[in-house]
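Below: one structure, written as structure tokens.
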Amino acid sequence: MARPVDVPHSSRAFFYIALVAAIAALGGLLFGYDTGVISGAILFIDRDFGLGDAMQGLVVSFVTLGALVGAFAAGALADVLGRRTTNIVAGVLFVLASLVCSLTPGVAVLVAGRFLVGVAIGLTSVAAPMYIAEVAPAAIRGRLVSVFQLAITVGILAAYVVDEALASAGAWRWMLGLAVVPGGLLALGMIPLPDSPRWLLKRGRAAEARTVLVQIRAGGDVEDELSEIHTDLERQGEGSWVDLLGPAIRPALVVGVGLAIFQQITGINAVIYYAPQIFQSAGLSSDAVALAATMGVGLINVAATFIAIGLVDRVGRRPLLAAGVLGMSVSLAVLGLAFEETPAGQAGASSMLDVATVFCLAVYIVFFAFSLGPVVWLMISEIYPYRNRAQAVGLSTAANWGANFVVSLTFPIMRTDLGSAATFWIYAALGLVTLAFVWLRVPETKGRTLEEIERSWAAARLPPAGRGEG
Ligand code: BGC
């Protein structure tokens, strides 16, 4: 069997591949920036336009809806235009849409602009991790795709900082407009980068594919890798959306869509989007303290992602997922207990609820940041057969945005109707369901080439047998 070229054969090749990953990961930066920025901007938009509750909801949530549409669009575009060009389109669209939001004369244009920002995020959340996965050598693919998640977390933190810096001036147009920076960097940075060799080969551009592989594996022998991709592509025809309904791709689709949904319904964006409100209800009534705690969440999110970058190619995907989800569930359960034990109105006065909340949320974020955060984007981009990869990644990513939409919409309602304790317990219970899902369904993909992963599905060798392998 053809052996993969495992690690870059020179520091120049490593540097080049890391640069390629970093530029593609700018897609994550704009994803994260926009996730974070609206919470600070919305107060001032409301002041200027007098939005009211329903309109506020539209301005905030239209991004998620746009991302859903963008993810499906990327499922088609990434095959037709290529992964690289889809990222460029996303960057350009992001710049234009951010300008529309920033310069908007009124609320209708703002809502339209927010939708387009979402489409751009949807495009890149499909095309960026997939591009990185396809150019990365198998041995460091996990690390490189995790850089995409790192960029998301840096984007969220940058948005918190920008919001805070511009809050006293109420400069929401600048808050939204500054998003042109990651958008522009993504578009410009991707222009000189090569197309994915797999995509080039699929389009019959074999000579270019070889040139690119030689470039990104500098010094390594690319013949084995080329022939492995080639043999694999030859066995396959053109993929279509209809294939996604067939039995061949179903086991992989269950894993990808399942992970995408579990990443959201275990509550991450209840924390990321609503951290200040949670801290305030736990008794951190001073704005400055609630803000410091929120910044802390952002910082911990960035820092803990490095754990995944360090471990994902060494210990593998499954152990990280299992440990992370378990830790998330336990911290949510304890948080629920703390809220349950604190009589209403006593938060902050005689209870330790504020300390417990800060501690539990910090622990929860650490466990998310090295598991469901990076590993879900990684696995979505590596488990699907090439023939249907773009469509399947598009569908999984759309499911992720759909679940994100539902959770961020229902969290405030659940807290009011069921109380904080029950709400956190529900997320904790869903964490345990996720753990069972990981244990029973998710294969280990560490160290395998994309072609090996593909063949393992076909031979039905990967599922639970993947445990402990690698
Ligand atoms: C998730 C986002 C989340 C972010 C937090 C990403 O992996 O997809 O929904 O806001 O992590 O870091």
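The values are calculated or read from the model by the stated rules, or taken from the named source; none is laboratory data. Please read these numbers as outputs of a predicted model, since none were measured by experiment. Glycine gets a Cβ as well: all are built from the backbone with ideal geometry, and neighbour counts include every protein chain shown.
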Within the bounds of the range 256-268, is there any residue that is more than 12 Å from the ligand (Cβ to nearest atom), within 19 Å of S331 (Cα to Cα) and part of a helix (DSSP H, G or I)?
no
For G296, only one of the following conditions fails: (1) within 15 Å of the ligand (Cβ to nearest atom); (2) in contact with a helix residue (DSSP H, G or I) (Cβ under 6 Å, 6 or more places away or on another chain). What is its number?
(2)
Taking the range 186-209, which residues are crowded, with 17+ Cβ neighbours inside 10 Å and part of a helix (DSSP H, G or I)?
L186, A187, G189, M190, P197, R198, W199, L200, L201, K202, A209
Tell me which of these L144 doesn't satisfy, since it passes every other one: (1) more than 14 Å from the chain's Cα centre (by Cα); (2) more than 15 Å from the ligand (Cβ to nearest atom).
(1)
Of the conditions (1) within 16 Å of the ligand (Cβ to nearest atom); (2) in contact with an Asp or Glu (Cβ under 9 Å, 6 or more places away or on another chain), V366 fails just one. Which one is it?
(2)
For the range 69-91, give me the residue count where each residue is buried (at least 24 other Cβ atoms within 10 Å of the Cβ), in contact with a Gly (Cβ under 8 Å, 6 or more places away or on another chain) and either more than 16 Å from P129 (Cβ to Cβ) or of a type in the set (S, T, N, Q) (or both).
1
Meets criteria (within 20 Å of A171 (Cβ to Cβ) and within 16 Å of the ligand (Cβ to nearest atom)) for V117
yes
Look at L244 and say whether it is touching a residue at least 40 places away in the same chain (Cβ under 8 Å) and part of a helix (DSSP H, G or I).
yes
State whether one or more residues within the range 15-26 are away from the ligand (no atom under 16 Å from the Cβ), modelled with pLDDT under 90 and surrounded by fewer than 16 Cβ atoms within 10 Å (Cβ to Cβ).
yes
Does G91 satisfy being under 12 Å from the mean Cα position of the chain (by Cα) and either assigned to a helix (DSSP H, G or I) or within 15 Å of the ligand (Cβ to nearest atom) (or both)?
no
